[in-house]
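What follows is a set of notes on a single structure, which appears directly below.
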């Protein structure tokens, strides 16, 4: 018995030291940040900006791995099933980590159970813009027109369940109007048709819509964020214009597989928050219309939960089904 107790004491000493040593040397090899969408999009560009600066901070390769397909499901599932050692991370979005939970009857992963939140990196507001041929110059006029002509206004989206779709479904719900959804395979084709006058309106991220608004090819009515954007200080928010609490932004955050050691999650969080606070990084993201958040794992986890609850109601009330 005495010998057994000695062995237990030895294990108690060795394992904490081993765990502490593992955290101290992390990362000891290349870290992979998976983006569940194709290269060149906003998620990919943000991931590369973060990866470059983590690479510089850690003196270790940080690789962006694009695993597109299935509306973000393929890449997300890859991370959910990866070893929980901190070497495979996900640059997740509201689409993959909140909307998908209710949009699909069956997913190969659980957006809450299978991921450990690290930090929300930031968010981008969407602009609600109309083609100049639509006879409205304000959100109030748009609502009045939609009520007078139910289902006659066509709105484009990047596809069923996309952020642009969810934003418009939420707006229709709070404004008590009904328009016709025209889903596309991506924002690009939808925007082309909006510019051509084949669509009446759409929500789209600020950096994509803004050049067309500035050139007069589109007319913007409101932003989907809770506060105005520094890029468009004169454009009011939907929340300001009679719909308090309305928010339908594009958000991005870092996740690790569930079970990743807390000390590694803490390190990744602290280092990511620090690089996001650097003046050059803040300036870069601000120029892209991104509002930096950089919060704690607990705060980010609570936000993700609230987003899942919010979009579940929108999806159920609207009867949205995946394509």
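The values are calculated or read from the model by the stated rules, or taken from the named source; none is laboratory data. Everything quoted here is computed from the prediction, not taken from an experiment. No Cβ is skipped: glycine too gets one built from the backbone with ideal geometry, and neighbour counts run over all protein chains shown.
Collect the residues in segment 74-112 that are more than 17 Å from residue 253 (Cβ to Cβ), out of contact with any strand residue (DSSP E or B) (no Cβ under 8 Å at 6 or more places or on another chain) and touching a residue at least 12 places away in the same chain (Cβ under 8 Å), keeping them in residue-number order.
Scanning segment 74-112 gives 74, 77, 85, 102, 103, 104, 107, 108.
With (1) in the same structural domain as residue 170 (by TED's automatic domain parsing); (2) over 14 Å from residue 170 (Cα atoms) as the list, and residue 203 as the residue in question, which single condition is left unmet?
Condition (2) is where residue 203 drops out.
Listed residues 158, 146, 190; which is buried (at least 22 other Cβ atoms within 10 Å of the Cβ) and over 26 Å from the mean Cα position of the chain (by Cα)?
Exactly one residue qualifies, and that residue is 146.
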